[in-house]
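The values are calculated or read from the model by the stated rules, or taken from the named source; none is laboratory data. Being a predicted model, the structure only gives us computed values, none of them experimental. Cβ sites come from the backbone with ideal geometry, for glycine too, and all protein chains shown count toward neighbours. Each accessible area value is taken on the protein alone, full model and side chains, heavy atoms only, with ligands, DNA and RNA left out. Shrake-Rupley method; radii C 1.70, N 1.55, O 1.52, S 1.80 Å.
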Amino acid sequence: MKTLILPVKQIYFEQIQAGQKDEEYRAISPHWRKRLENKEYDQIIITLGYPAAGDSSKRLVFPFHGITRKKIQHEEFGPELCEVYAITLKNRQFGLF
């Protein structure tokens, strides 16, 4: 199973867990272009930082629904409008790691 693992800060982890945030963003860069463009994954795992292998309380699992490019203004990327990869997070799965 091909899995995309995305570590996030606590504030974003809690927003995703509560269903308030349905996309995760990554800046357009050579690193993320290589990992995301023209790629298909079976699932996405959002982690709270870098948890220990057995710590399921710090992992959220979602099926892969695709990645789009968007222009957004977000505090993590500075005050200017910037282009990002928007990774869709919906239909959370439980008990799968």
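Label points 7 Å out from Cα along the Cβ direction at residue 43 and residue 70: separation in nm?
2.4 nm
By the gyration tensor of its Cα atoms, with a ≥ b ≥ c the square roots of the eigenvalues, what is the shape of segment 1-52: rounded for a/c under 1.5, prolate for a/b over b/c, or oblate?
Values: a/c = 1.75, a/b = 1.54, b/c = 1.13.
Judged from the Cα gyration tensor, segment 1-52 comes out prolate (a/c at least 1.5, a/b above b/c).
Under 25 Å Cα to Cα from residue 70, which lysines show up? Leave out anything in the same chain fewer than 8 places away.
Straight-line reach from residue 70, under 25 Å: 2, 9, 21, 34, 39, 90.
Given a Förster distance of 25 Å, report the FRET efficiency between residue 33 and residue 53 from their Cβ-Cβ distance, rounded to the nearest 0.05. The partial results should precede the final answer.
Working: r = 29 Å, r/R0 = 1.15.
With R0 = 25 Å, the Cβ-Cβ based efficiency is 0.30.
Which residue, 64, 77, 13, tops the fluctuation ranking in a GNM of the chain built on C-alpha contacts under 10 Å?
77
Where a ≥ b ≥ c are the square roots of the eigenvalues of the C-alpha gyration tensor, would you call segment 40-97 rounded, which needs a/c under 1.5, or, failing that, prolate if a/b is larger than b/c, or oblate? Let's see the in-between values first.
Working: a/c = 3.27, a/b = 1.65, b/c = 1.97.
Oblate, because a/c is 1.5 or more while a/b does not exceed b/c.
Of 48, 81, 36, which is the most mobile in a GNM of the chain whose springs link Cα atoms less than 10 angstrom apart?
81
For the chain, what % of the accessible area comes from carbon and sulfur atoms, probe 1.4 Å?
Carbon and sulfur: 49 percent of the exposed surface of the chain.
Express the accessible area of the chain per residue in Å², computed with a 1.4 Å probe while the remaining protein chains stay in the model. Walk me through the numbers before you get to the answer.
Numbers: 6050 Å² over 97 residues.
Result: 62 Å² of accessible area for each residue.
Pick out which of 55, 22, 42 has the largest mean-square fluctuation in a Gaussian network model of the chain, springs linking Cα atoms closer than 10 Å.
55
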